[in-house]
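The values are calculated or read from the model by the stated rules, or taken from the named source; none is laboratory data. Keep in mind it's a predicted model, so treat the numbers as computed, not measured. All Cβ positions, even for glycine, are placed from backbone atoms using ideal geometry, and neighbour counts span all protein chains on display. Accessible surface areas use protein heavy atoms only, side chains included; no ligands, DNA or RNA. Shrake-Rupley method; radii C 1.70, N 1.55, O 1.52, S 1.80 Å.
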Number of protein chains: 2
Amino acid sequence: MSAKTIQLTDYNIYITNFWNDLKQVIGKKNYSKVVVLVDENTRQHCLPILQQQLQLEQKLLVIEIKAGEQHKHFATCQYIWEQLLAHGIDRQSLALNLGGGVIGDMGGFCAATFKRGIDFVQIPTTLLSQVDASIGGKLGIDFQTIKNCIGLFKNPQAVCIDPVFLKTLPIEEVRSGLAEIIKHSLIADEIQWKNLMTIEDLNTVDWSSILVPSLGIKKTVVEEDPFEKGWRKILNFGHTIGHAVESHALESSHPLLHGEAIAIGMICESYLSYKQTNLPEESLKEITHFILHIYGKRIIDKTSYPDLLDLMTKDKKNENDQINFTMLQSIGNPLINQISDPKTILESLDYYCSL
Amino acid sequence: MSAKTIQLTDYNIYITNFWNDLKQVIGKKNYSKVVVLVDENTRQHCLPILQQQLQLEQKLLVIEIKAGEQHKHFATCQYIWEQLLAHGIDRQSLALNLGGGVIGDMGGFCAATFKRGIDFVQIPTTLLSQVDASIGGKLGIDFQTIKNCIGLFKNPQAVCIDPVFLKTLPIEEVRSGLAEIIKHSLIADEIQWKNLMTIEDLNTVDWSSILVPSLGIKKTVVEEDPFEKGWRKILNFGHTIGHAVESHALESSHPLLHGEAIAIGMICESYLSYKQTNLPEESLKEITHFILHIYGKRIIDKTSYPDLLDLMTKDKKNENDQINFTMLQSIGNPLINQISDPKTILESLDYYCSL
């Protein structure tokens, strides 16, 4: 049995030592074939662990794609679908997505649309995907520089999380994942926020003890609002500006990891919260100080401001052509559907640049 | 009010004179924008009717794609998504799919995956799409010669059907649509089958009176099994061989309309039913005679047999690498999950060729 199981409405998240649980999920439906999607990194570092632990009756078919957000687009989907056809995958087959957010989002999207949907299990191997992409059923790919522009909501058969995979990651990847954990604390859990602020060295953190409350926050929010019609939008804190910064950086010679961009977004949107929704100046300073301590400072050139605003205008979270934000009234106390004007948004970027 | 409303679990089908109902559907959710997808045919013949009748507060945005199954693929989806972005379509927008099966399947797929899903209404303008594609939430596109290989299940906000649109169609299109109506009768309604056999001239048929019972059959089947896990497979009668014949013809210089291919499939699969599930010889003759009377005979070259078998092997309805059929025990009395071997399948094609 896994050390900890989080039960959601129609699937479970198994945390640490999940191999027997995963075998049961696979055995229950008598799948004809099992295919695993990897990138060159997870093929090298994670697939051997999976193959050794799982020992299936079925031969494990493997599809490998190139690592990186820049491959999260249609050409890669077409390759995955071609490979699924070539392997004779049918609706009685199961797909395992072994990797970070790109593998989970794109592999899930490909599974959910192949022959109108085959079952899939998410095995997130990065901290970011473990804490963020594993709950909520959001699947998709980027399109025309818009992140996750094409996709759908569909739940997996199970999510299997083990911090053992984090040891295979560069420290920047772990730091990137921490941004979502910080976000969860800022929108819903002041006690976890105080805990996180004590982190000095990312190499010595006990991730299981941090992951479980963070997943608990996300579970509560998502189950209340599975299709992001309302309250789930609190999870967008830091993401309106963060996504724009990330999309813009993706086109440049200095791309940012998702969490690094969201860290910038959280500082800027905390500034907006200070200006618009009465976040205390003390909290703004505390958030700014801790995030800069973990992530350092990124140079944002003012010449990029028009592009950043344009990307925000095209954000799929907008309604009626207005740029939509989640803001904080205080730490742990968010407000959804806050509108900000271009002038104030640029002021928040100036605030970040002035630090 | 429309002349007839069929209520499904989460949406309605409005049949004939549906304009007020459609206005109510649009008004209820206060959509920010309304976009209509057309091809060059429905832009010319159907869009003027829509524009005249609907008189919306919102400006009706129009996206036009090329007509024809050969355009039901990713390049067209990418064009549609680009246009949706260019028009600033957001999650508070509504898409109207005005056209035949290609517009409905592909437009629905694009809407259901754009920004993880925007609302859409199906306005099928061909007999085939009115009777077949309007219930069941099947959306998708072709991939690598496999029909509807990529797609998903999602219901529209409403389906609006009016036989007035049929007057804009060439008679071959109407005849193609009749195949699904014939199929519904063969799998579920012997009385409608006897009625259909009295059809002499397709120009004088009262389609409303035929559409309503046919849609009733499909509604019952789909509501019992929304995700095609079991009984819904009765709707696949004629489609295993029919889809292969259609896919193969699509690559040739003599493409077939969907219903023309399904007509061939129904004759072949009635032959399989005669050989394997005791369909009386008398019924086989009756089915063969009526379908040939309506559709005539198509030459199938024996050199295409290996390709046809290969296409059937890749059919998404298969499980465990076996070619899956729905067969008849008698007219109105089907059996799902019937397996046939290549030899018998080719024998059924020989039967068709011998007619």
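Annotations for the structure displayed:
- Hits in the stretch B:310-352 (condition: in a loop (DSSP other than H, G, I, E, B), touching a residue at least 12 places away in the same chain (Cβ under 8 Å) and within 19 Å of A:Phe114 (Cα to Cα)): B:Lys314, B:Asp315, B:Lys316, B:Lys317, B:Ile323
- Test set (1) in contact (Cβ under 8 Å) with a residue 60 or more places away in the chain; (2) in contact with a Phe, Trp or Tyr (Cβ under 8 Å, 6 or more places away or on another chain); (3) open to solvent by 10 Å² or more (accessible area, probe 1.4 Å) - A:Gln70 fails condition number: (2)
- Unique match (being away from chain A (no Cβ under 14 Å) and either over 24 Å from the mean Cα position of the chain (by Cα) or of a type in the set (Gly, Ala, Ser) (or both)) among B:Asp307, B:Asp301: B:Asp301
- Residue check for B:Ile191: away from chain A (no Cβ under 13 Å), free of Cβ contacts under 8 Å to residues at least 24 places away in the same chain and either farther than 26 Å from A:Glu319 by Cβ or open to solvent by 30 Å² or more (accessible area, probe 1.4 Å) (or both): yes
- Restricting the stretch B:286-309 to residues that are farther than 21 Å from B:Ser340 by Cα and in a helix (DSSP H, G or I), the residue that is most open to solvent (accessible area, probe 1.4 Å): B:His289
- Residue check: B:Ile262 meets all listed conditions (1) under 22 Å from B:Leu166 (Cα atoms); (2) open to solvent by 20 Å² or more (accessible area, probe 1.4 Å) but one, namely (2).
- One residue from A:Leu346, A:Leu279, A:Leu250 being open to solvent by less than 30 Å² (accessible area, probe 1.4 Å) and not basic (Lys, Arg): A:Leu279
- Residues of the stretch A:96-133 that are open to solvent by less than 10 Å² (accessible area, probe 1.4 Å), more than 9 Å from chain B (Cβ to nearest Cβ), out of contact with any Ser or Thr (no Cβ under 8 Å at 6 or more places or on another chain) and among the aliphatic types (A, V, I, L, M): A:Leu96, A:Ala111, A:Val121, A:Ile123.
- Residues within the stretch A:76-92 that are within 11 Å of chain B (Cβ to nearest Cβ), under 25 Å from A:Gln130 (Cβ atoms) and not aliphatic (A, V, I, L, M), tallied: 1
- Conditions (1) closer than 30 Å to A:Arg116 by Cα; (2) surrounded by fewer than 22 Cβ atoms within 10 Å (Cβ to Cβ); (3) among the polar types (S, T, N, Q); number of the one not met by B:Ser270: (2)
- Among residues of the stretch A:134-164, those that are within 14 Å of chain B (Cβ to nearest Cβ), open to solvent by less than 20 Å² (accessible area, probe 1.4 Å) and assigned to a loop (DSSP other than H, G, I, E, B), counted: 2
- Total residues in the stretch A:320-331, condition modelled with pLDDT under 95 and either aliphatic (A, V, I, L, M) or surrounded by 15 or more Cβ atoms within 10 Å (Cβ to Cβ) (or both): 2
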